[in-house]
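K.L.:
Take a look at the following structure, please.
The values are calculated or read from the model by the stated rules, or taken from the named source; none is laboratory data. Here the structure is a predicted model, which is why all the values come from computation and not from measurement. We place every Cβ from the backbone using ideal geometry, glycine too, and count neighbours over all the protein chains shown. SASA here: full protein model, heavy atoms, side chains in, ligands and nucleic acids out. Shrake-Rupley method; radii C 1.70, N 1.55, O 1.52, S 1.80 Å.
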Amino acid sequence: MKNFYSNGTRPMALITGGSGGIGAALAECFARDAIDLILVGRNKASLEATAEIARRKGVRAITLAEDLTLEGAAERIFAQVRTSGSRISYLVNNAGVGVFGKFAESSLEQELAMLRLNTLVPTALCKMFLSDLVENQGRIMNVASLAAFQPGPYMAAYYGSKAYLLWLSEAVGWELRRSGVSVTAFCPGPTRTGFAAAAGMEESGLIKGKRLDDASKVAEGAYLAMHAGRAIYIPGWVNRALAFSSRFVPRQWMLAAVSAMSAPRAPKHNR
């Protein structure tokens, strides 16, 4: 599909966390449909690798190396995009990180950096780029998580941050429903990316020994859901059933179940 405006220019998508995993897979979806890219992330080399794949499909791909956990990161991204003369039609807030472990024992600095990345940056970018998106009748995708539907012991602040992003997406989407702009909350379950390693949760029962979803597959479904204007997209019937069941299961039961699933798995010793 060739995607051009009436003046011959291509629409543009800004993707945070575009250097790998779901972000890189989404970049390929946009490039396939002739949508130019602005890729944001900390690792310049990895961003360039994603950008080069997109360029081979004939689109323009700009990379912005920025640590989004730092104060003022969203403002710096917005300023760089404006300086480049670009206007976006798609905003994908994909960058996110988790902190695994007991809340009483986790690093305050890590928790606050996570909250900036998972909540403040998406909020700021949605607000800053909203005039572009309304002008172009664009799309917003906020990558939340299956974690958004219940509290999560051992990742308490992370689960809370994803619940915030889900509710923000639904509310802003409602406000924009007559503007031509849609907001999709993408809520994947555990997926094969670098997230688990970065969060230090390889020993969590949610990850260890589990068959994780493929990043490219879930990204493709989310991309189509965004274009369809869906408010929430949860890939996989098991994940959808888990999210739906959270409405009816007593809160204490849900807490106990998530705690049991999430707790670190002790290594097995041969006798």
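K.L.:
Working only within the range 33-75, note down all residues that are more than 22 Å from residue 97 (Cβ to Cβ) and open to solvent by 60 Å² or more (accessible area, probe 1.4 Å).
P.N.:
Those that are more than 22 Å from residue 97 (Cβ to Cβ) and open to solvent by 60 Å² or more (accessible area, probe 1.4 Å): 52, 53, 55, 56, 57, 60.
K.L.:
Restrict the check to the range 39-53 and report whether at least one residue is of a type in the set (Lys, Arg), in contact (Cβ under 8 Å) with a residue 12 or more places away in the chain, within 23 Å of residue 145 (Cα to Cα) and assigned to a loop (DSSP other than H, G, I, E, B).
P.N.:
Yes, there is a match, as at least one residue in the range 39-53 is of a type in the set (Lys, Arg), in contact (Cβ under 8 Å) with a residue 12 or more places away in the chain, within 23 Å of residue 145 (Cα to Cα) and assigned to a loop (DSSP other than H, G, I, E, B).
K.L.:
Could you list all residues from the range 114-139 that are β-branched (Val, Ile, Thr), over 25 Å from residue 104 (Cα atoms) and touching a helix residue (DSSP H, G or I) at 6+ places or on another chain (Cβ under 6 Å)? It would help to see each step written out before you state the result.
P.N.:
The first filter runs over the range 114-139 and keeps only residues β-branched (Val, Ile, Thr), leaving 119, 121, 123, 134.
Next, only the ones that are over 25 Å from residue 104 (Cα atoms) stay: 121, 123, 134.
Result: 121, single match.
K.L.:
Hand me the list of helices (runs of 4 or more DSSP H) wholly inside the range 76-166 holding 2 or more residues that are modelled with pLDDT of 95 or more, surrounded by fewer than 23 Cβ atoms within 10 Å (Cβ to Cβ) and in contact with a Cys (Cβ under 8 Å, 6 or more places away or on another chain). Quick ask: steps written out before the conclusion?
P.N.:
On the way: elements: 108-115, 121-128, 130-135.
Fully inside the range 76-166 and qualifying: nothing.
K.L.:
Looking at the range 239-263 only, could you name the residues that are among the aliphatic types (A, V, I, L, M), surrounded by 12 or more Cβ atoms within 10 Å (Cβ to Cβ) and in contact (Cβ under 8 Å) with a residue 12 or more places away in the chain? Before the answer, list the steps.
P.N.:
First, the residues of the range 239-263 that are among the aliphatic types (A, V, I, L, M): 241-243, 249, 254-258, 260-261, 263.
Those left that are additionally surrounded by 12 or more Cβ atoms within 10 Å (Cβ to Cβ): 242-243, 249, 254-258, 261, 263.
Matches in the range 239-263: 242, 243, 254, 255, 258, 261, 263.
K.L.:
Residues of the range 167-180 being touching a strand residue (DSSP E or B) at 6+ places or on another chain (Cβ under 6 Å) and open to solvent by 10 Å² or more (accessible area, probe 1.4 Å), which ones?
P.N.:
Taking the range 167-180 as the starting set, the residues that turn out to be touching a strand residue (DSSP E or B) at 6+ places or on another chain (Cβ under 6 Å) are 169, 172-173.
Once the filter is applied, which keeps residues that are touching a strand residue (DSSP E or B) at 6+ places or on another chain (Cβ under 6 Å) and open to solvent by 10 Å² or more (accessible area, probe 1.4 Å), the range 167-180 yields 172, 173.
K.L.:
Which is in contact (Cβ under 8 Å) with a residue 60 or more places away in the chain and at positive phi, of 85, 21?
P.N.:
Values: 85 fails: in contact (Cβ under 8 Å) with a residue 60 or more places away in the chain.
Of the residues listed, the single one that is in contact (Cβ under 8 Å) with a residue 60 or more places away in the chain and at positive phi is 21.
K.L.:
Further question: Counting just the residues of the range 1-16 that are at pLDDT below 95 and among the small types (Gly, Ala, Ser), which one comes out nearest to residue 62 (Cα to Cα)?
P.N.:
Here is the first cut: in the range 1-16, the ones at pLDDT below 95 are 1-10.
Next, from what is left, pick out any that are among the small types (Gly, Ala, Ser): 6, 8.
Working: 6: 23, 8: 19 Å.
Only one residue fits best here, namely 8.
K.L.:
If residue 61 satisfies every condition in (1) within 17 Å of the chain's Cα centre (by Cα); (2) more than 25 Å from residue 190 (Cα to Cα); (3) not basic (Lys, Arg) but one, which is the exception?
P.N.:
(1)
K.L.:
Could you count how many residues in the range 6-17 are within 19 Å of the chain's Cα centre (by Cα) and either surrounded by fewer than 23 Cβ atoms within 10 Å (Cβ to Cβ) or in a loop (DSSP other than H, G, I, E, B) (or both)? Let's see the steps before the verdict.
P.N.:
Filtering the range 6-17 down to residues within 19 Å of the chain's Cα centre (by Cα) leaves 12-17.
From what is left, the residues that are either surrounded by fewer than 23 Cβ atoms within 10 Å (Cβ to Cβ) or in a loop (DSSP other than H, G, I, E, B) (or both) are 17.
Final tally of qualifying residues: 1.
K.L.:
Here's a follow-up. Report, by residue number, each residue of the range 18-32 that is assigned to a loop (DSSP other than H, G, I, E, B) and open to solvent by less than 20 Å² (accessible area, probe 1.4 Å).
P.N.:
Residue satisfying the conditions is 18 alone.
K.L.:
Taking the criterion of being at pLDDT 75 or above and touching a strand residue (DSSP E or B) at 6+ places or on another chain (Cβ under 7 Å), would at least one residue in the range 240-257 satisfy it?
P.N.:
The first filter runs over the range 240-257 and keeps only residues at pLDDT 75 or above, leaving 240-257.
Add one more test, that the residue is touching a strand residue (DSSP E or B) at 6+ places or on another chain (Cβ under 7 Å), and what stays is none.
No, there is no match, as no residue in the range 240-257 is at pLDDT 75 or above and touching a strand residue (DSSP E or B) at 6+ places or on another chain (Cβ under 7 Å).
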